[in-house]
1. Looking only at residues that are surrounded by fewer than 16 Cβ atoms within 10 Å (Cβ to Cβ) and more than 17 Å from the chain's Cα centre (by Cα) in segment 62-84, which one is farthest from Asp130 (Cα to Cα)?
2. Restricting segment 97-108 to residues that are assigned to a strand (DSSP E or B) and under 23 Å from Gly53 (Cα atoms), which is farthest from the chain's Cα centre (by Cα)?
3. Checking the condition over 21 Å from Tyr143 (Cβ atoms), among the small types (Gly, Ala, Ser) and at pLDDT below 90, which residue from Ser38, Ser91, Ser20 passes?
4. What's the number of the only condition in (1) at pLDDT 90 or above; (2) touching a Gly at 6+ places or on another chain (Cβ under 9 Å) that Thr188 fails to meet?
5. Looking at Ser137, Ser102, Ser121, Ser161, can you tell me which residue is of a type in the set (Gly, Ala, Ser), closer than 30 Å to Glu225 by Cα, in contact with a strand residue (DSSP E or B) (Cβ under 8 Å, 6 or more places away or on another chain) and crowded, with 16+ Cβ neighbours inside 10 Å?
6. Residue by residue through segment 217-239, note down the ones that are farther than 14 Å from Ile147 by Cα, at pLDDT 85 or above and under 22 Å from the mean Cα position of the chain (by Cα).
7. Pairs under 9 Å by beta carbon, first residue touching a residue at least 40 places away in the same chain (Cβ under 8 Å) in segment 157-168, partner outside any loop (DSSP other than H, G, I, E, B) and surrounded by fewer than 12 Cβ atoms within 10 Å (Cβ to Cβ), six or more apart or different chains?
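The values are calculated or read from the model by the stated rules, or taken from the named source; none is laboratory data. A quick note: this is a predicted structure, and the numbers were derived from the prediction, not measured. Cβ coordinates were reconstructed from backbone atoms using ideal geometry, including for glycine residues, and neighbour counts include every protein chain displayed.
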Amino acid sequence: MRKTLLFLGTLFLTLPYAGSAQGLAIAFGDSLVQGHASNATDIAAYIEVRNDGAADVDIKVTRRFDRTNALLDSNAICWVVCFGTGTDTSSTQITLAPGERSAPSDFTGHVYPDGNGMAFSGGITYIFYDKDDPSDSAAHTVYYEVIPDMAAIEEQAATWSVYPNPASDLLWIEALDGAAEDTRIEFTDVLGRILHSERFDASFGSASISLDALRSGVYLYGIYEGDRLIEKKKLVVRK
């Protein structure tokens, strides 16, 4: 029989990813969950854990993630009870009998995108462990991705002339609103991974950028003046 308890003991210390007396295992886990940059407010992942041991186990869960990742700076865990974004380790525990598996609704991991229209991605590792023997643990990593809305990007007012599009070998850039200094163009894939970045000077007319680093496909380019993003648009490369 499964029971849910509120445990008010000490919080998570240091957990290994595997132990010498493994009883816990991941029965199911989302590997990739996605949301659109223009409208996603909550991207949720589901994980189920199973007790493969010979005795009842009281299970808690904690999380590990890159706190410098802009996508993951606001996320939360639910282990029957949902916790605030500042909680890394559940205060709740679930008891699973031998061979028993947690319900699909018992655990969810949540990421709350900033809603700034930018593409981001990152992973969070969730570790389920025996509260009485933390060496008995099972870990699963979920990758969260915010995908840009291409229609919204295309509707953005142009402050630069970037041509041709589609392009093959060279991309020409010209400022529409006067001279530009300390400017760079950054190419990413549609998931926000940076593929190439290059500084240029268009203050004397136009500048050319080589596309040797890009294969045929659909990309996003962002034009930055200093650290400020001025324009983000779609680029098609055909070679």
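1. Looking at residues that are surrounded by fewer than 16 Cβ atoms within 10 Å (Cβ to Cβ) and more than 17 Å from the chain's Cα centre (by Cα), I get Gly84.
2. In the first step, residues of segment 97-108 are kept if they are assigned to a strand (DSSP E or B); the result is 101, 107-108.
Now narrow it down to the ones that are under 23 Å from Gly53 (Cα atoms): 101, 107.
Working: Arg101: 27, Phe107: 18 Å.
The residue in question is Arg101.
3. Values: Ser38 fails: over 21 Å from Tyr143 (Cβ atoms); Ser91 fails: at pLDDT below 90.
Result of the check over Ser38, Ser91, Ser20: Ser20.
4. (1)
5. Numbers: Ser137 fails: closer than 30 Å to Glu225 by Cα; Ser102 fails: closer than 30 Å to Glu225 by Cα; Ser161 fails: crowded, with 16+ Cβ neighbours inside 10 Å.
So the residue among Ser137, Ser102, Ser121, Ser161 that is of a type in the set (Gly, Ala, Ser), closer than 30 Å to Glu225 by Cα, in contact with a strand residue (DSSP E or B) (Cβ under 8 Å, 6 or more places away or on another chain) and crowded, with 16+ Cβ neighbours inside 10 Å is Ser121.
6. Those that are farther than 14 Å from Ile147 by Cα, at pLDDT 85 or above and under 22 Å from the mean Cα position of the chain (by Cα): Tyr221, Gly222.
7. So the pair list comes out empty.
This table checks each residue for (1) on the phi < 0 side of the Ramachandran plot; (2) touching a Gly at 6+ places or on another chain (Cβ under 6 Å); (3) outside any strand (DSSP E or B).
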residue	(1), (2), (3)
Val61	yes, no, no
Thr87	yes, no, yes
Thr95	yes, no, no
His110	yes, no, no
Gly117	no, no, yes
Gly123	yes, no, no
Ala158	yes, no, yes
Asn165	yes, no, yes
